[in-house]
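Colleague: Submitted below is the structure of interest, expressed as structure tokens.
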Amino acid sequence: MMLSATYVGDRTLTVEEREPKVPGSGEVRIAVAYVGICGTDLHVFHGDMDQRVGTPATIGHEMSGTIVEVGPGVEGWAVGDAVTVMPLAWDGTCPACRAGHQYLCQNLDFIGIDSPGALQQSWTVPASTLVRLPDRLSLRDAALVEPVAVAVHDVRRSELAAGDKAVVIGAGPIGVLIATVAAALGANVVVAEIDANRRAAAESMGLRTLDPSAVDQVAWVEDWTGGAGADVVFEVSGAAAAVLGATSLVKVRGTLVVVAIHSQPRPMDLHRLFWRELRVLGARVYERCDFERAIELVAQGAIPADRMITQVVPLVEVASAFETLEAGRAMKILVAVTQ
């Protein structure tokens, strides 16, 4: 038997015993070490995704662990291998897949949302989703790889280059990681955040910040860029006012990347978009190359893991971890699943 955290609806998570799933053809079973809780998991906890997730559901997709069983037909993997999971399963037949954009499959199974996730001591997944972890990377820090891969993909999609100036709107976990990845690339970065605690957390990681509620953000960016505007602006806050004002921060022919998940349509300054010939991009999930780069960054220490990880809790305390994150009292909480 194993322990599993289960979302049962109505902001309730239970921890119960169940039988682990035996891996079938092309599958492996992983002893899950750590699982990170993210904003999407909070949306599930709040009931915002009940139509998609259904109940009861085991969620979680930011993880690390060790293979404990290999199913028939699996090659290249062995018991004892340290792994993380790129939690995307595509059908390979839809127009997006046929065009080479499998990670944006029109029938995508995001494992941990659309199908059972990692908040269980034993997790069986397709071997095709595995990403190998190097020996020098601890399993604790490796649980950050998935959100770092999100940030790597966002930065790569923006085509940001060394020496460019970037504004990141929002200092939540993904905003901070985007800023860190951009800085590792050699860009000059500032993080705009109205919450003092989040600004302080970003500053503790060596990031430059500004408070849009205390300064004229447009004037500040114009002064910083010699009147040009930022090369790239990442909207990570999810706030309507941020979307409306974001185009005012971008240079002529610059790029605005929409990273935050907006649950409803937002007003945007289309005149500014037209006048400056701006480029607006969406950025969603990641590709395998983003995971590989994320592993490099975490293993090299370019990601401040000790400052990102606010707390580690045992699986039996998973409900309290969600409540702590909901209250804004942590940057990243890890659940120690098999500890």
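Colleague: Would you work out the charge dipole size for region 1-116 about its Cα centre, treating the Cβ of every Lys and Arg as +1 and the Cβ of every Asp and Glu as -1, and quote it to the nearest 20 debye?
Modeller: Numbers: 6 positive and 15 negative charges, 30 e Å.
Here the size comes out at about 140 debye.
Colleague: Also, quick follow-up: State the extension gain, in nm to one decimal, for the chain segment bounded by Ser248 and Arg11, taking 0.36 nm per residue of separation less the distance between their alpha-carbons. Spell out each step's value before the answer.
Modeller: On the way: separation 237, 0.36 × 237 = 85.32 nm, distance 3.85 nm.
Using 0.36 nm per residue and subtracting the Cα-Cα distance, I get 81.5 nm.
Colleague: Here's a follow-up. Which residue, Val145, Val236, Val312, has the most motion in a Gaussian network model of the chain that connects Cα atoms within less than 10 Å?
Modeller: Answer for the Gaussian network model of the chain: Val312.
Colleague: State, as an integer percentage, the relative contact order of the chain based on alpha-carbon contacts under 8 Å between residues 6 or more apart. Write down the numbers at each step before the final one.
Modeller: Working: 746 pairs, mean separation 61.4, N = 339.
After rounding, I find 18 percent.
Colleague: To continue, here is another question. Before rounding to the nearest 500, sum -39500 (n - 2.57) across all DSSP H runs of length at least 4 in the chain and divide by the residue total; then give [θ] at 222 nm in deg cm²/dmol.
Modeller: Details: 13 runs with 102 residues, N = 339.
Computed ellipticity for the chain at 222 nm equals -8000 deg cm²/dmol.
Colleague: Compare Gly60, Gly36, Gly47 in a GNM of the chain, Cα atoms joined below 10 Å, and give the one with the largest fluctuation.
Modeller: Gly47
Colleague: Which of (1) 44; (2) 36; (3) 27 is the computed percent of Cα pairs over 30 Å apart for the structure on display?
Modeller: The value computed from this structure is option (2).
Colleague: Let me ask something else. Taking square-rooted eigenvalues a ≥ b ≥ c of the alpha carbon gyration tensor, is region 148-282 rounded, prolate or oblate, where a/c under 1.5 means rounded and, failing that, a/b exceeding b/c means prolate?
Modeller: Working: a/c = 1.23, a/b = 1.20, b/c = 1.03.
Since a/c stays below 1.5, the shape of region 148-282 is classed as rounded.
Colleague: OK, next. Just to be sure I understand: with springs between alpha-carbon atoms less than 10 Å apart, which residue in Pro265, Pro72, Pro212 has the highest mean-square fluctuation in the Gaussian network model of the chain?
Modeller: Pro265
Colleague: Ok, one more. Could you tell me how far the Cα centroid of region 89-115 sits from the Cα centroid of region 182-256, in Å?
Modeller: 33 Å
Colleague: OK, next. With both partners inside the chain, how many of the DSSP beta bridges are antiparallel, as a percent to the nearest 5? Walk me through the numbers on the way to the answer.
Modeller: Numbers: 32 of 59 bridges.
Just about 55 percent of them are antiparallel.
Colleague: Round to the nearest 0.05 the FRET efficiency obtained for Glu277 and Arg18 when R0 = 51 Å and r is the Cβ-Cβ distance.
Modeller: Working: r = 56 Å, r/R0 = 1.09.
Between Glu277 and Arg18 the formula returns 0.35.
Colleague: I'd like the distance separating the alpha-carbon centroids of region 1-62 and region 282-297, in whole Å.
Modeller: Using only Cα atoms to place each centre, the spacing works out to 23 Å.
Colleague: Of all beta bridges DSSP finds with both residues in region 52-207, what is the antiparallel percent, to the nearest 5?
Modeller: Percentage antiparallel, nearest 5: 55.
Colleague: Further, regarding this structure: Under 8 Å for C-alpha pairs, at least 6 residues apart: give me the relative contact order for region 148-282, rounded to a whole percent. Can you show the working numbers first?
Modeller: On the way: 259 pairs, mean separation 29.6, N = 135.
Relative contact order comes out at 22 percent.
Colleague: Where both partners of a DSSP beta bridge lie in region 46-136, what percent of those bridges are antiparallel, to the nearest 5?
Modeller: On the way: 7 of 8 bridges.
Counting only bridges with both partners in region 46-136, antiparallel ones make up about 90 percent.
Read the figures in this text as sums done on the coordinates, not as results from a lab. Model, not experiment: these values are computed from the prediction. Neighbour counts are summed over all protein chains in view; Cβ atoms, including those assigned to glycine, are modelled from backbone coordinates with ideal geometry.
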